[in-house]
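Q: First, the structure itself, so that you have it in front of you.
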Amino acid sequence: MINLTHADIEKISNFRPLVVEKDVCISYEKGKIYYHQSISDKPKLLGRLPLSKIQRILIYSRLVERFLRLEPRGAIKVDDINYLISFYGFVYLINIEQRTITKEHSYRSDMKNPLSFCRIEDINGFDDCIVYGEYVWNNSKGEVSIYKRINGE
């Protein structure tokens, strides 16, 4: 359990945590992705998510940002320096050493961001991988794609 002081909470209150492991945190705030090596350290800006000029203005209203889903929905640690996030129709690979955000996957046009990623490891008959599925209104019970990421592919 992590014990936070009031000062710690003040430092991180504007950030939305995406991935938290031990003392490391990847977070989001107003279109930007940050890396927190520890709660007490100042977060390092990793980069900005691709937003139009209008979207960059709209995200300053939390209500509008939530309504338009202009925030990352799911995130997962890939390895010690890479993380995946799902944002506005795409999956992005974030590298904390190089401070890069690279588009890795595009969803089909009617697809919404998945709410989470799932890691499969050490299960007989399955490749070690990260999987995620489409998130759509599927009233017609049509086919839904499941995506599998194996070692960066």
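Q: Can you run phi through the Karplus equation (6.51, -1.76, 1.60; θ = phi - 60°) for segment 68-83 and list ³J(HN,Hα) in whole Hz, with x for Gly and Pro?
A: So the Karplus estimates, Gly and Pro as x, are 8, 6, 8, 8, x, 9, x, 8, 7, 7, 8, 7, 5, 10, 10, 9 Hz.
Q: Amide H to amide H, which residues 5 or more places from Glu104 or on other chains are under 5 Å from it, using H placed in the peptide plane?
A: Val91, Tyr92, Leu93
Q: Report, by chain and number, residues whose modeled amide H sits under 5 Å from the one on Gly47, excluding near sequence neighbours (fewer than 5 apart, same chain).
A: The answer is Ile33.
Q: Related question: What pairs from Lys22/Lys44; Lys30/Lys141; Lys44/Lys148; Lys53/Lys141 go past 28 Å between their alpha carbons?
A: Lys30/Lys141; Lys44/Lys148; Lys53/Lys141
Q: Using 0.36 nm times the number of residues separating Phe126 and Val64, minus their current alpha carbon distance, what extension gain do you get?
A: My answer for the length gained is 18.2 nm.
Q: Here is a follow-up. Please report Glu97, Glu29 as a ranked list, fewest other C-beta atoms within 10 angstrom at the top and most at the bottom.
A: By the 10 Å Cβ count, ascending, the order reads Glu97, Glu29.
Q: Using θ = phi - 60° and the Karplus form 6.51 cos²θ - 1.76 cosθ + 1.60, what ³J(HN,Hα) does each residue of segment 84-89 get, whole Hz, x for Gly and Pro?
A: Taking θ as phi minus 60°, the curve returns 9, 10, 9, 8, 6, x Hz for segment 84-89.
Readers should treat all values here as calculations from the given coordinates under stated rules, not as data from a laboratory. Every value quoted in this text rests on a predicted model; they were computed, and no experiment measured them. Quick reminder, even Gly has a Cβ in these numbers, built from the backbone with ideal geometry, and neighbours come from all protein chains shown.
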